[in-house]
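Worksheet for the structure shown next.
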Amino acid sequence: MAESGRVMFNARMTRVHAEPRDAPDSAAAAGAMPSPAGTTANGTANGTAGGTAGGTAGPNPGGIPDPGETGPEIVVSIINYRTAALTLQCVQSVLNDFAGTARGIDFAQVAKTDAGTTGEDDLAGTVNPTGAADAAGTMDPTGAAGGAGRARVAGHVVVIDNASGDGSDRVIADWIAARPGLPVTLVRSPVNGGFSAGHNLGIAARAAPFYLVLNSDAVLRPGFCAAILDAARRDPATGLFAPRLEDEDGTLQTSCFRIPSPGSELIRGAATGPVTKLLGRYDVPMAMPPEPGRIGWASFACILLRRAMIDAIGPMDEGYFLYFEDTEYCLRARRAGWGIAYVPQARVVHYRGGSAPVKSLARARRRLPEYYYASRARLLQQAHGRAGLWAANLGWHLGRGIARARGIAGRPPPAPVEREARDIWTHARRPMAPGPTQERAERAERAAGGAGGHAPAQSAAQSGGQSGRQPAGRAGGPAGLPGGPAAKG
C-alpha cells in the first residue's frame, strides 16, 4: 500500500494506544487491559476511533502494541453495521469457544436473524442478555465452567461499530455492560471507512500474536480457536490461515481462490464451459480443499492473521472502500514471502447474508455501484500493472464476443450486468485514485434502487463476507464477478 496510508494508520494507532503506563493492578488481575480515557470500565469506546481498550506498552514501529505476558493470544475483530443481533450471536460463539463450551448458540435462531425476521428482543433466547446462564457456563471468561475435554483459549473480542447510526452500537454496549469481566471491547468509529478501515481499528485496539478477522454472519464451531492456533504455532512461515467455511448442515463452501487476471476476466465474459475448461488455471474459484501452497487468496469472512506478518507488510489497504481488499492483502503477503494455509479442522458456519445490496443488484442484472468498479480496478492494477488492468478489460470484452457468438448458434448467453461494458473502464485511467466516499456510494446505491434500507458502505461483516461461493467453473462474485459482490453476500 502507499506509504502515506501506512503513516495515517500508524498515527491513528498512536492515538488508540496512548494510555497511562501506571495502570491499576486490578485491571491486569481481572484479565483486562487498562482502559484509556474515553472508555467505560467494560472497555466500551466512545466518540472517536481512538477510544478502545488498548495494549500495554504503546505502539511499535508497525503500529500495534506489544502484548504483555498475560495478554491474549488471539484477538477477534468483528465489524457491526446495523446488525446488532447477528453481531452478538457471532460474539457469543467466539466467547463459547474461548471458554471451551458449545452451549448458548441456537443455529435456527441465527438463520432466522440472518433472514431479517428477528428483532433485538428476540435475541434474548439466543445470547441471554440477563447474563445469568452465560456466567454459569456458556462463556465464563475465567474458565471456571467451560466444557470438559477442550482447552480454553486466551482471547479477546473487539467489536467495531462502523458508524451504524441506528442505535445498534448502544445495544452492543448495553450487552457488554451487563456482563462485567467479559473479554469484549466495543470500538465506535466516527465514520464508516469500510471493511479495511474497520478491521484496522480492531487490530489496533488490542495486542496479540494472532488476529482473527471474522464476519458478523458467522458462528464458530466448537474447538475452532484451538485448531487454528495449533496450525499457526506449527507453521511460523505462514501468515494467513483460512478455516473451513460451511453451511449450517456442514456443506463445504468455496473459500480459496486464484488472483483475478486477464484470463479470468475472459472466462467471466464468455461464461461458457469450453472457455472455462481451456483456461482453467486462471479460473478464480479453486477446487476444495485447495492444493497446499497454491492458494492465491482466501476469504476474509473468517481468516487468522499472524501479527508478525502485519508488522512486516502493514495494515489492510484503506484505499478499498469495499470488495477486493482481502484479495490485495493476500497478494501483498505472498509477494513478501508469507504463505496462506487452509485449516479444515477449524470450522465456521457462514450464513452468507442475502441482503447485501450489491448482490441483490447483480442478481437482478442491475447496474453495480461505482465503489465496486473502483475496487476492481485498484486490485487489477496492483496485481498486474496498468497493462494488466487494460488487458483484463479487453479480455472481458473478448469473452462477451464469444458469448454473443454462442447466441447466434442458438445458445443465448447470460446477460451482463447493466452497463458493465462501460463501467469496467470507469477507473481504468486512474485506478489508484481515492474511491467513492460513503455518501457518494449511498447515493449511487439508492439511485440504482438497490439500497434496500442498507447503506452500501457496510462491511463484509454485514454483507456475508467474501466467500466466493460460485459453482465450479465460474469466477467468484455474483454473476461471476471475481472476488466481488457475490462473494460478499
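Summary of values
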| read-out | value |
| --- | --- |
| Residue satisfying all of: in the range 267-290; farther than 24 Å from Tyr329 by Cα and hydrophobic (A, V, I, L, M, F, W, C); surrounded by the most Cβ atoms within 10 Å (Cβ to Cβ) among these | Ala270 |
| Which listed residue, of Arg429, Arg419, Arg352, is charged (D, E, K, R) and farther than 30 Å from Arg335 by Cβ | Arg419 |
| Near pairs, Cβ below 8 angstrom, 6+ apart or cross-chain, from the range 389-408 (surrounded by 14 or more Cβ atoms within 10 Å (Cβ to Cβ)) to any residue that is basic (Lys, Arg) | Trp396/Arg268; Gly399/Arg268 |
| Entirely in the range 163-234, the helices (runs of 4 or more DSSP H) that have 2 or more residues that are within 14 Å of Ile79 (Cβ to Cβ) and either touching a Phe, Trp or Tyr at 6+ places or on another chain (Cβ under 7 Å) or free of Cβ contacts under 8 Å to residues at least 24 places away in the same chain (or both) | 195-204 |
| The range 405-425, subset over 25 Å from Trp390 (Cβ atoms) and assigned to a loop (DSSP other than H, G, I, E, B), residue nearest to the chain's Cα centre (by Cα) | Pro412 |
| Considering residues of the range 245-262 that are within 20 Å of the chain's Cα centre (by Cα) and surrounded by fewer than 23 Cβ atoms within 10 Å (Cβ to Cβ) only, the residue nearest to Arg335 (Cα to Cα) | Ile259 |
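Computed from the coordinates by the stated procedures, all read-outs in this text should not be read as laboratory data. Please read these numbers as outputs of a predicted model, since none were measured by experiment. Reconstructed Cβ throughout: ideal geometry from the backbone, glycine too, with neighbour counts over all protein chains shown.
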